[in-house]
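Peer 1: First the structure, which I've put down as structure tokens, then a few questions once you've had a look.
Only the coordinates and a few stated rules stand behind these numbers; no lab work does. If you're wondering where the values come from, they're calculated on a predicted model, not measured in any experiment. As a convention, Cβ positions derive from the backbone with ideal geometry for all residues, glycine included, and neighbour counts pool all protein chains shown.
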Amino acid sequence: MNKRWKTVRERYRTGARVRYDGLYTDGWGGELLLLSGDRFPCHPEMGPTTWTYASVLAHSHSIRDAEIGGLGRL
């Protein structure tokens, strides 16, 4: 992990393309598994929000599982 990552958390807006596979947290505390190329969604009740990269794709989550599960909230 580089120093910049520890001090600066880049925020992404609803509608922006996802750059990295992983777990993202929205401005309301919700978590969502997103894959590269997806678009950041609106919060279902609060509307447009910002997203922060929370963690890498865990070993227990496979991309195939995410596709089958429809990328629902974790």
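Peer 1: Along each principal axis of its Cα atoms, how long is segment 7-46 end to end? Whole angstroms, biggest number first, please.
Peer 2: 25, 25, 15
Peer 1: Another question about this same structure. How long is the gain from Leu23 to Leu57 if the chain were fully straight, where each residue apart is worth 0.36 nm and the alpha carbon distance is subtracted?
Peer 2: Working: separation 34, 0.36 × 34 = 12.24 nm, distance 0.64 nm.
Full-extension gain reported as 11.6 nm.
Peer 1: Take Glu31 and Ala16, extend 7 Å from each Cα along the Cα→Cβ direction, and tell me the distance between the two endpoints in nm.
Peer 2: The answer from the label model is 2.1 nm.
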